[in-house]
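The next block holds one structure in the form of structure tokens; read it before the comments.
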Amino acid sequence: MNYQRKILGCSGYMRTIKRFNSMNILLQLMCLADLEFDYINPYDSSSRINKVVLPEFILQGILCVFYLLTGHWVMALLCGPYLYYNVRLYTQKKHLVDVTEIFNMLPREKKQRLFKLGYLVLLLFFSLFWMIWSTLEDMDD
């Protein structure tokens, strides 16, 4: 029983990390939308996006490690592809937005961030579902 409470306590941290990553990606999407409608210049947009990319990657890695340490194997497996994609982008040096190419890559960058946001919302939904499920299971015992 005490072990399960510890896991549920860590779930709060995990949901907070997912929310922060979601807000991070929303900020990137807003910068890209502002750039598309010419409300912001390419330099400012790319510098704002590049400031939050690395913290997004680090938090996603921490989230995956949290899942592994707390024994949430299914959620760790669901986080795996996203973590692999982030590691692959980082190792190939494609994680930062280039100021000179941002207009050419705008549709691709927006689509990439929309997929990331959808994936994080799906993970958040699964996390909440499993938290409620385990709470109801505890109440039955």
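Values quoted throughout were computed directly from the atomic coordinates according to the rules given, and no laboratory measurement underlies them. If you're wondering where the values come from, they're calculated on a predicted model, not measured in any experiment. Cβ: placed from backbone, ideal geometry, glycine included. Neighbour counts: every protein chain shown.
Observations on the model:
- Ala33/Gln92 FRET efficiency (R0 22 Å; Cβ-Cβ; nearest 0.05): 0.25
- DSSP loop trypsin sites (Lys or Arg not before Pro) with at most 13 other Cβ within 10 Å excluded, longest remaining stretch of the chain: 1-92
- Simple Cβ-charge dipole of the chain, Lys/Arg +1 and Asp/Glu -1, about Cα centre, in debye nearest 20: 300 debye
- Each part reduced to its alpha carbon centroid, the stretch 86-110 and the stretch 22-73 end up 12 Å apart.
- Of the chymotrypsin sites (Phe, Trp or Tyr not before Pro) found in the stretch 73-116, those in coil by DSSP whose Cβ has at most 16 other Cβ atoms within 10 Å are Phe103.
- Between the helical axis of 42-70 and the longest alpha-carbon principal axis of the chain there is an angle of about 20 degrees.
- Ranked from largest, the principal axis spans of the Cα set of the chain equal 59, 29, 19 Å.
- Chymotrypsin sites (Phe, Trp or Tyr not before Pro) restricted to DSSP loop in the stretch 23-55 with at most 14 other C-beta within 10 Å: Phe37, Tyr39
- Sequentially through the stretch 14-31, phi angles give Karplus couplings (6.51, -1.76, 1.60; θ = phi - 60°) of 5, 5, 5, 5, 5, 5, 5, 5, 5, 5, 4, 6, 4, 4, 5, 5, 5, 4 Hz, Gly and Pro residues having no value and appearing as x.
- Pairwise FRET efficiency - Leu83 versus Met105, Cβ, R0 = 30 Å, nearest 0.05: 0.85
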